[in-house]
1. At 0.36 nm per residue, minus the direct Cα-Cα distance, what do residue 81 and residue 62 gain on full extension? Give it in nm, one decimal, please.
2. On a full-extension model of 0.36 nm per residue, what is the gain between residue 22 and residue 46, subtracting their alpha-carbon distance, rounded to one decimal in nm?
3. Per-residue HN-Hα couplings for the range 24-33, Karplus 6.51 cos²θ - 1.76 cosθ + 1.60 at θ = phi - 60°, whole Hz, x for Gly and Pro?
Amino acid sequence: MVDGLKNPKSQSGKTNILLIRTGEAKRGVVGLYQAGLKNEHSRGLSVRFRGIDDKGVASYLLSLYCSAAILSDDAIAVLEDVVVGEYYDYD
């Protein structure tokens, strides 16, 4: 299974693919963002200054508050054990 790690656990050349239909009009998957956050920079994103270290490097804490809503049963699917190590190169 290719799991995104630098060194995959196996050399099978297989992975799982997540299929998502997006958008409210298509009865797909939509994102939900929390409004009115403290230190809100944009929709659902909170940015907080953490300070400056002794080398003059500033640090910030970024937090994104969001969820996903699946509007119908067929809006999301998984293709399992897809072979990605072999392919045909079309002319």
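Taken together, the values in this text are just the output of simple stated rules run on the coordinates, not laboratory data. Bear in mind that the values here come from a model prediction, so they are computed numbers and not experimental data.
1. Values: separation 19, 0.36 × 19 = 6.84 nm, distance 3.49 nm.
Result: 3.4 nm gained on full extension.
2. Details: separation 24, 0.36 × 24 = 8.64 nm, distance 2.47 nm.
Using 0.36 nm per residue and subtracting the Cα-Cα distance, I get 6.2 nm.
3. 5, 5, 8, 6, x, 10, 10, x, 10, 10
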